[in-house]
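Heads up: the structure comes next, in structure tokens.
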Amino acid sequence: MIVIKLGGSVITDKRTEGKIRKRIIDRLIWEIKKSGEKFSIVHGAGSFGHIPAERYQLHRGLKERSQLEGFHLTHHSVRLLNSEVMKVLLKYHIPSVSISPLCFIEMRDRRIESIDLSKFDKALSMGLTPVSFGDVVFDSKRGFSICSGDDIVLHLALHFKPDKVVFIMDEDGIFDRDPKKYRNAKFLKDVRVDDLPSAEKSSYIDVTGGMRKKIDIIKRIANDGIDVYVVNGNKIGRVYGVLTGKKVKRTRVIGC
Ligand code: IPE
């Protein structure tokens, strides 16, 4: 089994609230289907989640009643994105089930406190592809918190020990520093956990909280012996290549 994270920056237009990239989703699901593998999918929220969550300051937890509308709106919006993904899975005859984080995760002070993966177990054992997503969830200290799809990927990986974990992003892979800021950033092709950029070594993961957290999660998965791939979903054929072990541009973090 392979755990796949469809990054929100690939499946949505990150700058425009609620703007979906339907053609990309269609092609990515087609590449996934063509690989013939068994998988679990987690997708990001992109502009469906990050923009309303930011507007209503949901990352701060429940501070005032007006945020409840933001909670409602954000959840509703990521469900809309999820239903688009489910529609494409149906189109390619991949029987799937959507599992909402609100129903199987509880957080405490922004960290996952309890997670129940039994529905994933059931789905996978009967041949259904479980699909989850980044969303708002209840938090026993803050009222609610934002649960990233990456956190769900981490727990799925540690529980199911998949053959590999694949992060589909809008970049070719991992660089030793931020490629958007440094033109001489070095691309990392096959890399050991110890050689991944760390907060001390580079500003790459210092300035972009998102990437910093992602690298931390990748390290934890690879340290559990699972290979982790980061691949550009905007480039045709790369996801298929990674899923089927073909030679394509990507970063492989070697499980140890
Ligand atoms: C974010 O999920 C969830 C919300 C903002 C509600 P992710 O962290 O998995 O989303 P992407 O991949 O960065 O868009």
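What follows draws every value from the coordinates through simple rules; no lab data is involved. As the structure is a computational prediction, the values presented were derived from the model and not from experiment. Because the Cβ atoms are built from the backbone with ideal geometry, glycine has one as well, and the counts that use them run over all protein chains shown.
Cross-link partners of Lys141 among lysines, defined as those whose alpha carbon lies under 16 angstrom from its own and excluding same-chain residues fewer than eight positions apart: Lys63. Normalised by the number of residues in the chain, the average gap of Cα pairs under 8 Å and 6 or more apart makes the relative contact order 21 percent. Distances between placed amide hydrogens fall under 5 Å for Asp139 paired with Met107, Phe144, Ser145, all partners being 5 or more residues away or on another chain.
Using a cut-off of 29 Å between Cα atoms, the listed pairs Lys14/Lys122; Lys14/Lys164; Lys5/Lys122; Lys34/Lys213 include Lys14/Lys122; Lys34/Lys213 as exceeding that distance. Of the beta bridges in the stretch 136-256, as assigned by DSSP with both residues counted there, near 50 percent are antiparallel. Summary value for the stretch 18-165: 28 percent relative contact order, contacts being C-alpha pairs under 8 angstrom separated by 6+ residues. Between Ile152, Ile112, Ile20, the GNM of the chain built on Cα springs shorter than 10 angstrom shows Ile112 fluctuating the most.
When the Cα positions of Val78, Val131, Val88 are compared along the charge dipole of the chain, Val88 comes out farthest toward the positive end, with charges on each C-beta of Lys, Arg, Asp and Glu.
Which residue, Ile115, Ile99, Ile218, tops the fluctuation ranking in a GNM of the chain built on C-alpha contacts under 10 Å? In the Gaussian network model the winner is Ile115.
Under a Gaussian network description of the chain, with springs only between Cα atoms under 10 Å, the residue in His43, His75, His59 that fluctuates furthest is His59. Centre-to-centre, using Cα atoms only, the stretch 34-54 and the stretch 62-137 are separated by 10 Å. Along its principal axes, the chain has C-alpha extents of 50, 44, 33 angstrom, given from the largest down. When +1 charges are put on Lys and Arg Cβ atoms and -1 charges on Asp and Glu Cβ atoms, the dipole computed for the chain relative to its Cα centre reaches about 800 debye. Over the chain, DSSP H runs of length four or greater, each weighted -39,500 (n - 2.57), average out per residue to a 222 nm ellipticity of -12000 deg cm²/dmol.
Charged side chains reduced to their Cβ positions (Lys and Arg at +1, Asp and Glu at -1) give the stretch 132-203 a dipole of some 180 debye around its Cα centre.
Between Gly255 and Asp227, Val228, the built amide H atoms are under 5 Å apart, and every one of these is 5 or more places off in sequence or on another chain. A convex hull fitted around the alpha carbon atoms of the stretch 153-198 yields 107 Å³ per residue.
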